[in-house]
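Working notes, structure below.
Please treat every number below as a calculation from the coordinates, not as lab data. What you are looking at is a predicted structure, and each value in this text was computed from that prediction instead of being measured. Glycine gets a Cβ as well: all are built from the backbone with ideal geometry, and neighbour counts include every protein chain shown.
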Amino acid sequence: MTDSTRHLLDVDQLADDEIEALINRACALAAGVGPKRLHASVANLFFEPSTRTRVSFELAAARVGMQPINIEMAQASTTKGESLEDTAATLAAMGIDCLVLRHAEVGIHSKLAAALPAGVHLVNAGEGGRAHPSQALLDAATLKSRGIEPAGKKFAIIGDVRHSRVAASGLRLWPRLGVEEIRLAGPASLLPPGSPSPGVVYCASLQEAVDEADVIMMLRIQRERMDRSGWPDSAAYHADWGLRPEHLESAAPDCVVMHPGPINRGVEIAAGVADGKRSLILEQVRMGVYMRMAIFEWLFGET
Ligand code: CP
């Protein structure tokens, strides 16, 4: 293997046809098309908590014939001073073919990818507030699986956009899929600094963002990425920025509500919305397994 080894570091490295192929493949797998058999091994290295991403990568690996290894990072030799590069080289020496890495440090994935032995693949499963490519891709596949084409639609992304790696990868993906307008809304301290890019508008209220929106994406407050002094009061936050059933009355008639999870009921989203007929939240979780199967197939040159 040469340095052409594929890694998934973010959506912006993917060509348009690769994005389309990954989305279509995830939908095909969800519809019952049989997966490829990869006969490889993958180690999950999660330095931050996870339920959805970690379990779905593990399930996806098993379903494409890979052997998944979960490493408890609190018990791993990185706690004894071993560098991530040395941990990766150690796993590669044992024959591990792929690493799935979640880490708080921005830039660590590209640094590790450059240091990996040829033939060892790296998947970004969450990188600080910068990137979460598999989540953005599974969100796109979720919409497609429901017959919703992003092109020409109005998206509202509401909540702690500033610290959200899901929003960051989404803001790189949605314009490429033809989304007409992306509205961002949330407390000023939780919106990205600087001017919005073309096609992105800031809204002064949740209701303004939701009006006539086709896709509403709610985000939790990423408390782990801010000082405790910056934590909003949950009840006050819900009053201003929590999505409640009445907000949806002015959205597009077929609007859908998404949330990457974990959700905080009664904070950024009311239970009546999370469990309501517009919610795709559990469908996102379901599609996450299929998208991660498609990602493994793509890594090993099968998509
Ligand atoms: N959406 C997401 O990344 O969820 P987890 O933190 O549970 O993996």
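Of the cross-linked pairs Lys80/Lys111; Lys36/Lys144; Lys111/Lys144; Lys144/Lys277; Lys36/Lys277, which ones have a Cα-Cα span greater than 27 Å in the structure shown?
As for pairs spanning more than 27 Å Cα to Cα, those are Lys111/Lys144; Lys36/Lys277.
If amide H atoms are built 1.01 Å from N in the plane of the peptide, which residues on other chains or at least 5 residues away come under 5 Å of the amide H of Gly126?
Correct list: His103.
Return one quarter of the surface area of the convex hull spanned by the alpha-carbon atoms of segment 31-105, equal to its mean projected area, in nm².
Value for segment 31-105: 5.7 nm².
Pick out the long, greasy-scoring helices in the chain: whole DSSP H runs spanning 15 Å or more along their own axis by Cα, mean Kyte-Doolittle at least -0.5.
The answer, listed by residue number, is 16-30, 52-63, 133-145, 281-299.
Which order do peptides 228-238, 35-45, 7-17 fall in by mean Cβ count within 10 Å, highest first?
35-45, 7-17, 228-238
List the relative contact order of the chain as a percent without decimals, with contacts defined as Cα pairs under 8 Å and 6+ residues apart.
About 22 percent, as a whole number.
Specify, per residue and in Å³, the volume enclosed by the convex hull of the alpha carbon atoms belonging to the chain.
130
Hey, what's the per residue convex hull volume over the C-alpha atoms of segment 147-279, in cubic angstrom?
101
Hey, what number do you get for the chain at 222 nm if only DSSP H runs of n ≥ 4 count, each worth -39500 (n - 2.57), divided across all residues, to the nearest 500?
-10000 deg cm²/dmol, from helical runs alone.
Gln67's amide H: which non-local residues (gap 5+, or another chain) put their own amide H closer than 5 Å, with H modeled 1.01 Å from N in plane and none for Pro or chain starts?
Ala40, Ser41, Val42
Counting only residues 5 or more places away or on other chains, whose amide H sits under 5 Å from the amide H of Gly266 once H atoms are built in the peptide plane?
Ala271
Output wanted: per-residue J couplings in Hz (rounded whole) for segment 204-211, from phi through Karplus 6.51 cos²θ - 1.76 cosθ + 1.60, θ = phi - 60°, x for Gly and Pro.
7, 9, 4, 4, 4, 5, 7, 3
When only Cα pairs under 8 Å and 6 or more residues apart are kept, what is the percent relative contact order across segment 147-279?
The normalised contact order for segment 147-279 reaches 26 percent.
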